[in-house]
1. I'd like the antiparallel share, as a percent to the nearest 5, of DSSP beta bridges with both residues in the chain.
2. By per-residue mean of other Cβ atoms within 10 Å, what is the highest-first order of 181-189, 46-54, 24-32, 69-77?
3. Per 0.36 nm of contour for each residue apart, how much would the distance between MET275 and LEU173 grow if the chain were fully extended, relative to their Cα-Cα spacing?
4. How big is the charge dipole of the chain about its Cα centre, in debye rounded to the nearest 20, if each Lys and Arg gets +1 on its Cβ and each Asp and Glu gets -1 on its Cβ?
5. Which value, to two decimals, describes the C-alpha radius of gyration of the chain once divided by 2.2 N^0.38 Å?
6. With an 8 Å cut-off on Cα pairs and a minimum separation of 6 or more residues, tell me the relative contact order of the chain in percent.
7. How large a share of the accessible area of the stretch 54-136, in percent, is made up of carbon and sulfur atoms when the probe is 1.4 Å and the other protein chains stay in place?
8. In square angstrom, what is the accessible area per residue of the chain with a 1.4 angstrom probe?
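The values are calculated or read from the model by the stated rules, or taken from the named source; none is laboratory data. In this text the structure is predicted, and so the values were computed from the model without any measurement. Note that we place each Cβ from the backbone using ideal geometry, even for glycine, and neighbour counts take in every protein chain shown. Calculation scope for accessible area: heavy atoms of the full protein, side chains included, ligands and nucleic acids excluded. Shrake-Rupley method; radii C 1.70, N 1.55, O 1.52, S 1.80 Å.
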Amino acid sequence: GAYHSPLLVEVVMLQYVPPVTWVDSPEEMMKFVNHVRDTGECALDTETTGLDRRKDYVVLWSACPDEKSRYCFSPRMLKIWDRELSPDPDLKWYFTNQTFDFAMLANTGVRVPEGDSFCTLAMDWLYDENRQGRHGLKETTGDYLEFSMNSFKDTFGRRKPNESINDQLQKALKEDFKKTVSYASLDAWATFRVFKHLQKQLDKQESTLGHTLWDYFLTYEMPFTRVLHNCCRRGIMVDVGYLDELSPALQVDIEELEKQLNRMAGCEVNPRSPMQLRGLFFGKLGL
């Protein structure tokens with residue numbers, strides 16, 4: 001009889017993505033402000049002139065106070081956000097790469113939020129530290145939510161020689177405003193959803209003394225992210241003389257540890273060589 005090849009069926013999970021609301025007037029901005037006050041929580045993301053935390057600033061920013069809405073704003077709306085929402089200690093804010101967005105907000109002349117702020121990068125590192133290179137928003141959204149997001153390059157193409165990120169973004173705003181605004185606001189919406197997912201996962205896992213990883217995150221990791229931003233922003237004092245005094249003793253310890261490593265390996269191994277360590281751990285020891 002005739003041969004029929006097996007039917008391959010690809011199951012695609014359709015997901016609702018709310019329409020984006022563009023905000024560039026005080027009246028529309030106050031509607032958003034009231035929306036955030038009603039929910040008490042909001043994800044926030046920035047599109048910036050570049051990636052330099054010392055000098056780049058916000059071109060567009062987006063927010064998501066619940067899964068059924070997403071907003072995109074002109075930078076001049078940040079003044080109202082700074083006055084109405086940023087000082088409120090009762091609001092909760094969700095970021096992906098919080099220290100970057102904090103730096104961009106500060107560079108644009110507004111305060112970082114007073115309320116509790118949560119970074120999904122830190123949450124995902126705590127949830128699974130073995131996901132190296134997959135803690136970013138695009139990766140976590142795809143892996144956890146089965147939702148594919150285009151990258152900046154996929155959306156706007158490669159930058160031309162001598163063209164900055166800001167040049168490319170301004171060009172995109174002029175040529176296809178709707179697409180640009182939709183791309184920007186999708187990040188906040190995805191951040192909101194990733195936060196909710198990781199919060200549940202961390203709350204399921206117990207750490208020491210019966211506490212969950214979510215308890216640990218709230219106590220240690222969440223406040224430290226803000227401390228890290230402050231250290232990067234303000235600088236830290238370093239006692240160079242004291243470190244110089246430690247150097248000789250540390251060098252002796254390092255040399256002794258290298259001898260121990262060589263004895264364990266049965267051959268001379270350079271601990272600063274990833275290639276040699278890979279051969280020792282995975283090849284010889286079979287780890």
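1. Looking only at bridges with both residues in the chain, the antiparallel portion is about 50 percent.
2. Ranked by mean Cβ neighbours within 10 Å, highest first: 181-189, 69-77, 46-54, 24-32.
3. Length difference between fully extended and current span is 32.1 nm.
4. 820 debye
5. Ratio of Cα Rg to 2.2 N^0.38 Å: 1.27.
6. Contact order relative to length: 18 percent.
7. The computed percentage sits at 45.
8. 61 Å²
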